[in-house]
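Data first, discussion second: the structure below is written as structure tokens.
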Protein chains: 2
Amino acid sequence: MSSSPAASRPVSTRLSGPVRPSDRARIALRPAEVARITGGFWHERRRVNAETSIPQGPALLESAGNLHNLRLAAGTADGAYRGALPFLDSDVTKWLEAASWQLGDPDTPNRRTLSGAVDRVIRLLAEAQQDDGYLQTWYQVAKPGPRFAELLRGHELYCAGHLFQAAVAHHRSTGREDLLTVARRFADHIDGTFGPGKPVDGICGHPEIETALVELYRETGERRYLDLAGYFIDRRGHGLLDEDDPRGLAPGPDHCQDHVPVREAKTVTGHAVRQLYLLAGATDVAAETGEPELRAAMERLWEAMTTTKTYLTGGVGAHHRWEDFGDPYELPNERAYCETCAAIASIQWSWRMALLTGQARYSDLIERTLYNGVLPGVSLDGRGWLYTNPLQVRDGYEYHGEDQGARRAPWFTCACCPPNVMRLLASLPHYVASTDADGLQLHQYADGSYGGSTADGRVMVRVDTGYPWQGRITVTVDEAGTGEWTLSLRVPQWCREYAVTPTADDSVDSPSAGGAREPAQQDGWLRIRRTWRPGNTVVLDLGIQPRLTAAHPRVDAVRGCVALERGPLVYCLEQADQPGAPRLDDVLLDTTAGLTTRHRPGLLGGITTLVGSGLLRGPGPAPAAWWPYRSVPSGTPDADRAPHDTRAWNGAAVPVELTAIPYYAWANRHRGSMRVWLPTC
Amino acid sequence: MSSSPAASRPVSTRLSGPVRPSDRARIALRPAEVARITGGFWHERRRVNAETSIPQGPALLESAGNLHNLRLAAGTADGAYRGALPFLDSDVTKWLEAASWQLGDPDTPNRRTLSGAVDRVIRLLAEAQQDDGYLQTWYQVAKPGPRFAELLRGHELYCAGHLFQAAVAHHRSTGREDLLTVARRFADHIDGTFGPGKPVDGICGHPEIETALVELYRETGERRYLDLAGYFIDRRGHGLLDEDDPRGLAPGPDHCQDHVPVREAKTVTGHAVRQLYLLAGATDVAAETGEPELRAAMERLWEAMTTTKTYLTGGVGAHHRWEDFGDPYELPNERAYCETCAAIASIQWSWRMALLTGQARYSDLIERTLYNGVLPGVSLDGRGWLYTNPLQVRDGYEYHGEDQGARRAPWFTCACCPPNVMRLLASLPHYVASTDADGLQLHQYADGSYGGSTADGRVMVRVDTGYPWQGRITVTVDEAGTGEWTLSLRVPQWCREYAVTPTADDSVDSPSAGGAREPAQQDGWLRIRRTWRPGNTVVLDLGIQPRLTAAHPRVDAVRGCVALERGPLVYCLEQADQPGAPRLDDVLLDTTAGLTTRHRPGLLGGITTLVGSGLLRGPGPAPAAWWPYRSVPSGTPDADRAPHDTRAWNGAAVPVELTAIPYYAWANRHRGSMRVWLPTC
């Protein structure tokens, strides 16, 4: 069976991350060249990803038929096409991207086995590829016919994009050319097909190829790929995807962001993953071309998203129907869609914005989304997945069908999310740190080593922290460069109070101390400029006392409710932890009582819980047994009779203790109710 | 062109209504034999239906292709099948049912024209019908092949049901046999195909044929049809509709109510219209067979629906995706689906429950749903339709695609709702009154004459009222029967105070007076038993002061909000009426101030508005410009810092006057925001 070549090894310790801007890119920051997470919270999540989730991939792709379909296209197997979705190949290439990033990590367990599996899948892809470079099993096998004739739904360019990203990952991690060759052949075929004066003037219904083409340009130096990405961006919003819709049941052109040119768009809209992949690609183009109008559009759209269309968890995409963004402030709690893939896409876009602008707010959102938007999508054991991420599951929730939310599954018929989580976790170190000419920036806090080149040479720091359970972050300089440079630490947007402890031999002052040489945090960055020596240490203490959080009053869905947060974590009540409150739907939180923290190493992989108190509402009498509404005549001065005074419904409420767990850890025990937003009493 | 026979005329003044229980039916009440609405609110709505909506039908069905498809099936036209939905024939038969009920009304305008159009459509159906009785153009023309092979999605029995209902309506209204003959031929074909020992053991994905078969039995006396309805009811819930679902994207079996036998179901679930048509049919079967277990299931399911899954408007079906019921108390305001057809189906079911049980609560729900769940579905001019009925449209709502809600359309690709509204309004008198051996019951209040047979002979009453704008209802006895009988007046569930004025010559006492001979209202009925003489009058005064209404606290979507109601009407704020409040999303209602009523004959066809006062929130500062959430440390004793105290967000709020209109009248001017539930201050 051991037909695979010798296991490939990482070519260097240089970071193999998804975004590597060209030398010409007009950007504020570059991803750190060295980034290794060596311990703590994310190390454990990445360990499970590396030991369980990623290794499971080939077997899952085999049993779901994806690999069989590639063999059909290659002519090496017989039988019927498996599955009825045109984009099944992308499950394969997303897994391949995940496995490739993992191979770039020197700590990867069972490297030889993984490397062999990767090689076998790459060989399948190469065999399935047609002579002219085309590769999509759906149109090769399941629905042979003209290519690129069903751009709205066919996902051909989408699948190509995921192939390109896998190829870039594989090349960066291993130095190998085989998958890159497959990708370039397909890219050249597409480049020969699409564009001004070429056979097809069109775009893909599902953006993805744009960001992939920019990265393929970065990896190969082939300018045509960047130009083609720019072409796809520019041609969007001109109704090229219009179709005859005889059933009248399709979503509008905004679903695919073809309703308005991206430079003119005022808000994020339509299918959330499509929108955010598109914006990641547009940001890549803006980074490489330096085009100010495109950059301004990106900044405007990011702010429109975060201001009006983002859940507290960082999740995006409110609608189950069409997987679309909702209206501004339309953020339903109990029916949040919040597709795991959309949270990942949000991180991918925000990271490109962080590099482009240097602003800390993008990494604020990344942190929030990592912990609370993506991580709930995978179970603690790495084997169970959520496609959608509701913020509330009611008592007695009626599970039915494959609703892809509120219940973990080992895989999905539409399995976009699991390999997406895998590729994000495998490449996670990439999102932690950056450098510029003036120094090094820490965007996220995870035990490990991070470094790269500044104008003053190579710098490296080591991070030690108990984050997110503890707020102390110790940064030690390992390589100090040659002159003064700035160590920038992100002070998270959720943090109200922090302190910086200087090293014993220097004056790195607390910003609260008078006459500090270093400025206090500005726009989210605490910048410490000095001449560093190896061994210098900075200790940042972030205040992580529990917080009560409310939403803007236009978020109708959670009026009168608060959420619990601590540090970067959003908390929730899950049924399993409330022996005294058998009905979560009837729980009220007492906001005047404090919340106590309790670290419980044995619970859910080790979490800090928040314990508060509240009331459990009794069954209140309704005026008519069958009607759940209650009226009083208008103008009633007696407040007790006011209809919105819910005390009238409360019955005999009893005090209860309430235990909250981090939202990312929910749905790891038996099924049961859950809620993030809690009514108050 | 005048190839139609002489216009048909109503055969008698006997009520031609949708439900006519057999003499053997075990029911508490029978629909009144005479029911004519002659003036007032509903007369005007029915006038528009008769003068505008129904006459438009043939042209709309022609331009949408439905009639063309019938000609294709008949072999009298050439061309391609129009439309891509299998149930397009039902648009035709629902219109035909509406037109037939209208022909049963002696006041019908342009009777000859309508009658001619009806005859032409009936001829088309007869010509399209195959020799063996089968009739569905989709499988005859668009997708020829085996019949009844796609029961989950094919809608063959659903279309048959609407044909039967149209045929019953036409026969009852005109005495004509031609459409009934078409219906019976198809019914016999189906009866020869489905059932024990017959070729097919199956049910239709979309219930509808069950209630239609019972009515066809009632009209023809053919017991086989009742048995077949019972078979379809009994076979549901046994997984007959299971399908291989390669995409994994279909809803579960509860979508079609095939997950549990109807007698065992604990709550309403799945596609709302399917569920409610099914329950109407099951109630019909229970009425004719007297089966107690089936009746008990109906009562249980009705209460589950009204207690936990019904909007204040009577609307049902929370989910856009799959058009399904949500979980208990999951009643999102801004994203309510509330399909117009589901409200109509709810009325059809509740009326059958009212007849079965004699209980007033079913007509309470009918009243609420008529005014607030169905009527918003049609514009005041009878030309514009809403498919879904949201309870909130935000400022700057992003209209896109054919989302079938929040914007009126002249017709829909899936045009189920418009002819459904037409048939309900055309048959509306049927739902107003009933009789039993002991007397006459008034379920709804509309100017007109209502009567039928009691044990003491024929009784007739006349109703005069300014309802729903005024609470006074005057009932005058026109035909008094021969002995004592009971006049029963429904005291609406929303009514807290009422008074009854006796006639000058008799002792019909107010229930508040001591020593009254007549009892006070009991379970919603005010029963007045006596010997009546022609000219006797009872005046019922219902208190209709404006009300503030709150929802059960488990309805998370409207926590902290109230709705305004008056009489049977739910009110809303619509942008057009708030010159001082340009942003409805920022309005807060002052519940301590009173609401004043103002009748405005010139506004929206004549409505009574409610005028209140409140605040317009200013733009409040957020701690981070891009993040719409705000936190405080837990345990903060200072209430002003409590995060759920929205004053922190309010900015400089300014007092505003707020004018509410009845919800049924919204979306009749330009587009703009609207909301039913109002946050309070």
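The values are calculated or read from the model by the stated rules, or taken from the named source; none is laboratory data. Bear in mind the structure is a predicted one, so any value in this text is a computation, not a measurement. Heads up, the Cβs are rebuilt from the backbone with ideal geometry, glycines too, and the neighbour counts pull from every protein chain shown. Note: areas computed on protein heavy atoms with side chains; ligands, DNA, RNA excluded. Shrake-Rupley method; radii C 1.70, N 1.55, O 1.52, S 1.80 Å.
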So what is the calculated 222 nm ellipticity per residue for the protein assembly as shown, using -39500 (n - 2.57) for each DSSP H run with n of 4 or more, over all residues, to the nearest 500 deg cm²/dmol?
-9500 deg cm²/dmol
Only four residue types carry charge here, +1 at the Cβ of Lys and Arg and -1 at the Cβ of Asp and Glu. Report the dipole size of chain A about the Cα centre in Debye, rounded to the nearest 20.
1040 debye
Just how much of residue A:449 is accessible, in Å², when a 1.4 Å probe is used and the result is rounded to the nearest 10?
30 Å²
Run down the lysines and flag those whose C-alpha is under 28 Å from the C-alpha of residue B:94, throwing out any fewer than 8 positions away in its chain.
B:143, B:309
If you put +1 on each Lys and Arg Cβ and -1 on each Asp and Glu Cβ, how big is the dipole of the protein assembly as shown around its Cα centre, in Debye rounded to 20?
820 debye
Unit charges at the beta carbon, dipole of the protein assembly as shown: most positive-side option, A:18, A:171, A:207
A:18
With the dipole of region B:17-87 defined by +1 on each Lys or Arg Cβ and -1 on each Asp or Glu Cβ, the option from B:87, B:55, B:39 whose Cα lies farthest towards the positive pole is B:39
What are the extents of the Cα atoms of region A:86-147 along their three principal axes, in Å, largest first?
46, 20, 15
Name the longest site-free stretch of chain B, where the excluded sites are GluC sites (Glu not before Pro) in a DSSP loop with no more than 14 other beta-carbon atoms within 10 Å.
B:265-496
10 Å Cβ neighbours from other chains, averaged over peptide A:318-324
4
What does the copy distance list look like for residue B:112, label position 7 Å along Cα→Cβ, in nm and ordered from shortest?
9.8
What share of all Cα pairs of region A:228-339, in percent, falls into each consecutive 5 Å distance bin?
2, 12, 21, 23, 18, 13, 7, 2, 0
Stokes-Einstein D in µm²/s, Kirkwood radius over Cα pairs - the protein assembly as shown at 4 °C with 1.567 mPa s viscosity:
38 µm²/s
Step through the residues of region A:124-136 one at a time and calculate ³J(HN,Hα) from phi using the Karplus curve (6.51 cos²θ - 1.76 cosθ + 1.60, θ = phi - 60°), rounding each to whole Hz and writing x for Gly and Pro.
4, 5, 5, 5, 6, 5, 7, 4, 8, x, 5, 7, 7
If amide H atoms are modeled at 1.01 Å from N in the peptide plane, then the residues at a separation of 5 or more from residue B:608, or on another chain, having amide H under 5 Å from its own are B:600
At q = 0.05, 0.06, 0.08 Å⁻¹, base-10 log of I(q)/I(0) for chain A (Debye sum, equal scatterers on each alpha carbon)
-0.24, -0.35, -0.62
3J(HN,Hα) from dihedral phi, region B:298-304, Karplus parametrisation 6.51/-1.76/1.60, rounded to Hz, x for glycine, proline:
4, 5, 5, 6, 4, 5, 4
Total accessible surface hidden between B and A, rounded to 100 Å², 1.4 Å probe
8300 Å²
Fully extended contour minus Cα-Cα distance, from residue B:478 to residue B:497, at 0.36 nm per residue
4.1 nm
Just the number please: accessible area per residue for chain A, 1.4 Å probe, all protein chains included, in Å².
32 Å²
